[in-house]
Amino acid sequence: MMTSIAVSVVGLRKRYGRTVALDGVDLDLGPGVTGLLGPNGAGKTTFLRTVATVLAPDDGTIRLLGEDPSTAAGRHAIRTRLGYCPQEPGFYPGFTTFDFVDYVAILKEMTDRRARHDEVRRVLGLVGLDEVSGKKIRSLSGGMRRRVAVAQSLLGSPDLLVLDEPTAGLDPEQRLRFREILSRRDPGQAVVLSTHQTEDVAALCQRVVVLHGAKVHFDGTTAELAGVAHDRVWRAGGPDPTARVSWIDATGQYRHVGDPPAGADLVEPTIEDGYLLLVGAAAHAPAVPETGPEAEVA
């Protein structure tokens with residue numbers, strides 16, 4: 001039975017040496033899609049690894065699907081109802097696509113061979129990998145490998161789906177297919193995904209959480225995140241040195257975010273505008289994996 005709160009964390013803390021990855025995070029996440037935004041080093045991957053039972057917190061309490069992951073029995077109960085797509089999935093390159101996903105299905109204790117193989121074919125079909133199911137992982141492109149990682153996370157239609165940068169490396173058509181997959185989910189399923197693609201958050205998420213400096217800086221709807229930039233986005237024919245950030249948009253004009261001058265041509269803000277105001281220059285840092293141990297199994 002799916003609980004109303006799938007993820008409950010109180011005072012969650014995690015550090016790697018002197019680096020603080022999470023510093024007193026409090027969150028309750030229920031059914032629906034929650035998007036996790038934040039600059040590099042904000043703690044997104046650490047949070048998702050903790051929710052996926054890959055990492056144990058240094059401090060704080062956590063309940064997942066009503067179970068305690070600090071106990072062996074609790075972790076087992078959670079993992080049978082959990083799907084996880086890590087940011088840096090580990091593959092066995094000599095396995096075929098089908099065999100790898102089948103292997104993960106065995107780890108998830110799907111013991112009926114015929115039913116398990118039907119499920120493997122179902123999830124490979126969902127991500128559009130039917131025609132390469134017999135190809136070895138080593139021969140697949142980066143985007144295809146990412147889809148293999150997403151496929152194995154969908155096995156068994158888990159109650160809690162944890163996705164770390166699931167659309168990284170996917171082309172626009174594949175990203176649209178991914179959105180379609182999540183749109184067809186059971187409404188009682190809880191999905192937590194991190195991404196650098198604010199358009200994915202706008203398209204998919206009923207709720208968005210912004211992590212910055214190892215803490216929660218925003219928790220609300222996408223409309224509320226866009227509202228952070230209300231009356232703080234304007235267009236002009238040239239650059240404005242007072243703007244926090246600006247760029248030339250599709251109209252050929254400069255789009256500015258910050259504190260507008262008097263009489264500025266204000267425009268409707270987006271969630272990206274609100275996010276930029278929340279995290280500032282850190283939003284533009286190049287994407288790199290977070291510090292900490294890598295997940296070994298997709």
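Every number here is computed from the coordinates shown, using simple stated rules; none is lab data. None of these values were measured; they are calculated from a predicted model. Here Cβ is always computed from backbone atoms with ideal geometry, including for glycine, and neighbour counts include all displayed protein chains.
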key: Most fluctuating residue given options 228, 101, 162, as computed from a GNM of the chain linking Cα atoms under 10 Å   = 228
key: Phi-based couplings in Hz for region 127-142 (Karplus 6.51, -1.76, 1.60; Gly and Pro marked x)   = 9, x, 10, 3, 6, 10, 4, x, 7, 6, 3, 4, 8, 8, 6, x
ask   = So who's got an amide H within less than 5 Å of the one on residue 212, skipping anything under 5 residues away but keeping other chains? H placed 1.01 Å off N, in plane.
value = 217
note = Note: residue 217 to residue 183 extended length (0.36 nm per residue) minus current alpha-carbon separation gives 9.5 nm
message = Check which residues have an amide H placed less than 5 Å from residue 229's amide H, if you skip close sequence neighbours.
response = 274
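Sort 18-26, 186-194, 37-45, 207-215 for me by packing, meaning the mean count of neighbouring Cβ atoms within 10 Å per residue, highest on top.
On the way: 18-26: 17.6, 186-194: 19.1, 37-45: 24.2, 207-215: 21.1.
Most protected by this proxy first, the peptides run 37-45, 207-215, 186-194, 18-26.
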request  = Using the Karplus curve 6.51 cos²θ - 1.76 cosθ + 1.60 with θ = phi - 60°, work out ³J(HN,Hα) for each residue of region 195-209 in order, rounded to whole Hz, and write x for Gly and Pro.
outcome  = 6, 9, 9, 5, 5, 5, 4, 4, 7, 10, 9, 7, 9, 9, 10
query = So what's the net charge close to residue 235: Lys and Arg +1, Asp and Glu -1, counting the other residues with Cβ under 13 Å from its Cβ?
reply = -3
ask   = Between residue 176 and residue 92, what length in nm is gained on full extension when 0.36 nm per residue of separation is reduced by their alpha carbon distance?
value = 27.5 nm
inquiry  = Give the lysines whose C-alpha is closer than 29 Å to that of residue 215, dropping any in the same chain fewer than 8 places away, or say none.
reply    = 14, 44
ask   = Within the chain, what's the longest stretch lacking GluC sites (Glu not before Pro) that sit in DSSP loops with no more than 12 other Cβ atoms inside 10 Å?
value = 110-295
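All other residues with a Cβ under 9 Å from the Cβ of residue 24 taken together, and with Lys, Arg as +1 and Asp, Glu as -1, what is their net charge?
On the way: positive: 13, 215; negative: 23, 26, 59.
Counting the neighbours of residue 24, the net charge comes to -1.
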request  = Check the straight Cα-Cα distances from residue 108 and name the lysines below 18 Å, setting aside those fewer than 8 residues away within the same chain.
outcome  = none
ask   = If you place +1 on the Cβ of every Lys and Arg and -1 on the Cβ of every Asp and Glu, how big does the dipole about the Cα centre of region 104-212 come out, in debye to the nearest 20?
value = 380 debye
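Grab the beta carbon distance between residue 71 and residue 262, set R0 = 51 Å, and tell me the FRET efficiency rounded to 0.05.
0.25
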remark   = Rounded to the nearest 10 degrees, the helix 97-107 long axis (Cα) sits at an angle to the longest Cα principal axis of the chain of 80 degrees
